[in-house]
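Have a look at the structure below, then the notes.
The values are calculated or read from the model by the stated rules, or taken from the named source; none is laboratory data. In this text, all values refer to a predicted model and were calculated from it rather than measured experimentally. Because the Cβ atoms are built from the backbone with ideal geometry, glycine has one as well, and the counts that use them run over all protein chains shown.
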Amino acid sequence: MNTRSSRIVGALITAVAVVGLAGCAGAAPAASPTPTPTADSLEGSITVFAAASLKGTFTELAEQFESAHPGTTVELNFAGSADLVTQITEGAPADVFASADEKNMSKLTDAGLVDGDPVDFATNVLEIAVPPANPAGIETFADLAAPGLKVVICAPEVPCGAATVKVVEVSGVTLAPVSEESSVTDVLGKVTSGQADAGLVYVTDVIAAGDAVEGVAFDESAEAVNTYPIAALTDADASDVAAAFVAFITSEAGQSVLTAAGFGKP
């Protein structure tokens, strides 16, 4: 084979090899794009000040909220609504306030400490809590006026106390409580510890207490229904998290937990 023929054959072999490689490259599957992981964008920590009667439900709801938004943390502070308002107005760091009545929420609204309009998320009514087996035989609200009966109620400035005052006015029954407490949980504690024969608490507190107490419903309670509002506060550091928590409480998931605990719809 002469030199010219050798060059032609070499060129043909090279061309075939190039075409073959190109064909193999074309047959290879295209690389799949790496999926971009999706992450919840909500991040930050908030402190929620909530009425004492919300302790069980808000503890559960805070856990659900954190699970749904892994980048968030919810700290909870429970006390009587009036005490919480005092703490907030005196500068305590709070991002969300949930009150057991509209009156105490209005105090913060009037002080310019509420971001936007409060949202009503639940209602509650009073019930008489008595020790198991109801040893004093209490059946009606009027029975609480029996001589020698140790009755405990909330102080008038506390939502459950204001509701008690209203029931007293409507019923005409005069009570002689042995103590007036600053939160509904303190009233319940007096009953469960044996320091009281009866206490006026919310129906939700009786449910949450389980076998520790019995509940005695009374008709007059319908005259003093407490509405619970919630709102983000103006000084919230993580305002987006605060707003999201408020929205969660009023969502179907939040309402489901509240309803199961005995709260009514707003």
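Under 8 Å between Cβ atoms, at least 6 apart or on separate chains: pull out the pairs that start in the range 43-66 with a residue that is on the phi > 0 side of the Ramachandran plot and end on any residue that is at pLDDT 95 or above and assigned to a helix (DSSP H, G or I).
Filtered contacts from the range 43-66: GLY44/ASP240; GLY44/VAL241.
For LYS150, state whether it is without any contact (Cβ under 8 Å) to a residue 60 or more places away in the chain, of a type in the set (Lys, Arg), under 27 Å from VAL178 (Cβ atoms) and not assigned by TED's automatic domain parsing to the domain that holds ASP240.
Considered against the rule, which asks whether it is without any contact (Cβ under 8 Å) to a residue 60 or more places away in the chain, of a type in the set (Lys, Arg), under 27 Å from VAL178 (Cβ atoms) and not assigned by TED's automatic domain parsing to the domain that holds ASP240, LYS150 comes out as yes.
Step by step: first the residues of the range 152-182, then only those that are outside any helix (DSSP H, G or I) and of a type in the set (S, T, N, Q), then the one that is farthest from ALA198 (Cα to Cα). Which residue is that?
SER182
Going by what's in this entry, would PRO135 be described as assigned to a loop (DSSP other than H, G, I, E, B) and over 16 Å from VAL225 (Cβ atoms)?
Yes, satisfied.
Which one of these is modelled with pLDDT of 95 or more, surrounded by fewer than 22 Cβ atoms within 10 Å (Cβ to Cβ), assigned by TED's automatic domain parsing to the domain that holds LYS55 and over 10 Å from LEU126 (Cα atoms): THR234, THR192?
Within the list THR234, THR192, the selection yields THR234.
Can you pull out every residue in the range 109-124 that is crowded, with 18+ Cβ neighbours inside 10 Å and more than 15 Å from SER53 (Cα to Cα)?
VAL114, ASP115, PRO118
What strands (runs of 3 or more DSSP E) completely inside the range 1-108 contain at least 3 residues that are at pLDDT 95 or above and either surrounded by fewer than 17 Cβ atoms within 10 Å (Cβ to Cβ) or of a type in the set (Gly, Ala, Ser) (or both)?
44-51, 72-79
Here's a check for you: in the range 165-189, which residue that is without any contact (Cβ under 8 Å) to a residue 24 or more places away in the chain and hydrophobic (A, V, I, L, M, F, W, C) is surrounded by the most Cβ atoms within 10 Å (Cβ to Cβ)?
VAL168
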